[in-house]
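The values are calculated or read from the model by the stated rules, or taken from the named source; none is laboratory data. Just so it is clear, the structure is predicted and the values come from calculations on it, not from any experiment. Here the Cβ positions follow ideal geometry from the backbone for every residue, glycine too, while neighbour counts run over all protein chains shown. Surface areas here come from the heavy atoms of the whole protein model, side chains and all, with no ligands, DNA or RNA. Shrake-Rupley method; radii C 1.70, N 1.55, O 1.52, S 1.80 Å.
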Amino acid sequence: MGSPDASEFADAARDLNDEPRLDHTIEKVVEYATRMTDAEAGGLVLLRSQRQLEVAAATGAEVEEAEALQDSLREGPSVSAAREQSTCLVRNTADDTRWPTWGPKVAELGLHSAISACLYTGRRTIGTIDIYAPQAGQLDEDDAARAQVLASHAAIALDCRHEEDGLRQAVETRNVIGQAQGLLMERYGLDARRAFDVLRRYSQDANVKLRDVAEQLVASGNLPDEKKPSEPPRS
């Protein structure tokens, strides 16, 4: 396909950064990865706690299975790329000795060449972009270079979306807890501190998140296991 084109990647970077939603950004990353290489299928996995890989997007069932195999076997180009913050090119999945268990299983799925490019920033490793093709040797060094450049742009966009989503969730959590406090204050004549203490106690007793307790109260008018809402709950 040729070497990476700067203007092509600049357009992709702008598009990814302009997308406000994390899930849509992930989908666009996979779309660009397959469009800008000789790949015919692709996916994206996120690195979770204990180095687990979570499939966030896949163009088909065979890709989803190939990605899931890497996590269950703890073997594959995505595992290596994430660990080493590198890009791994697999010319022939059936006989690549680096991943002797994963490779033949993926070849049986009809995926005979692959590339995994790590998504990482200075702060953390996010996951990998993984692309696949049905023919051995169909993906080459040029495709690997393109995937690596795209991954560097995508990582920044995904990191920003993740941070924005975290801030948005924090604001939403604060708002719903505030609404729940207001309901308790109005219903039982509590002050803000005692109303919050009530929510926290129910959260601890039921072993559920404080936000979940607040959301239930706002949605139903009742606290978990509340039998007599007319009587003030213990704080």
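Annotations
- Tabulated pairs, segment 9-25, first within 9 Å of ALA157 (Cβ to Cβ), second not hydrophobic (A, V, I, L, M, F, W, C) and not in a helix (DSSP H, G or I), C-beta under 7 angstrom, 6+ apart or interchain: THR25/GLU19
- Under the condition of being out of contact with any strand residue (DSSP E or B) (no Cβ under 7 Å at 6 or more places or on another chain) and touching a residue at least 60 places away in the same chain (Cβ under 8 Å), the residues counted in segment 115-139 number 1.
- Against the numbered list (1) modelled with pLDDT under 95; (2) open to solvent by 50 Å² or more (accessible area, probe 1.4 Å), LYS105 comes up short only at (1).
- Scanning segment 130-165 for residues that are at pLDDT 95 or above, among the small types (Gly, Ala, Ser) and open to solvent by 50 Å² or more (accessible area, probe 1.4 Å) turns up just one, ALA136.
Yes/no matrix, rows are residues, columns are (1) closer than 14 Å to ARG161 by Cα; (2) open to solvent by less than 80 Å² (accessible area, probe 1.4 Å):
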{"site": "ASP5", "(1), (2)": "no, yes"}
{"site": "ASP11", "(1), (2)": "no, no"}
{"site": "ARG14", "(1), (2)": "yes, no"}
{"site": "ARG21", "(1), (2)": "yes, no"}
{"site": "VAL29", "(1), (2)": "yes, yes"}
{"site": "ARG51", "(1), (2)": "no, no"}
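- Within segment 169-183, tally of residues that are modelled with pLDDT under 75 and surrounded by 12 or more Cβ atoms within 10 Å (Cβ to Cβ): 1
- Every listed requirement among (1) touching a strand residue (DSSP E or B) at 6+ places or on another chain (Cβ under 8 Å); (2) without any contact (Cβ under 8 Å) to a residue 40 or more places away in the chain is met by LEU89 save one, (2).
- You will find that of ALA39, ALA94, the residue that is hydrophobic (A, V, I, L, M, F, W, C), assigned to a loop (DSSP other than H, G, I, E, B) and over 27 Å from HIS162 (Cβ atoms) is ALA94 and no other.
- Tabulated pairs, segment 32-52, first more than 12 Å from ALA117 (Cα to Cα) and of a type in the set (A, V, I, L, M), second open to solvent by less than 10 Å² (accessible area, probe 1.4 Å) and assigned to a helix (DSSP H, G or I), C-beta under 7 angstrom, 6+ apart or interchain: MET36/LEU150; ALA39/ALA33; ALA39/ASP143; ALA41/VAL63; LEU47/ALA82
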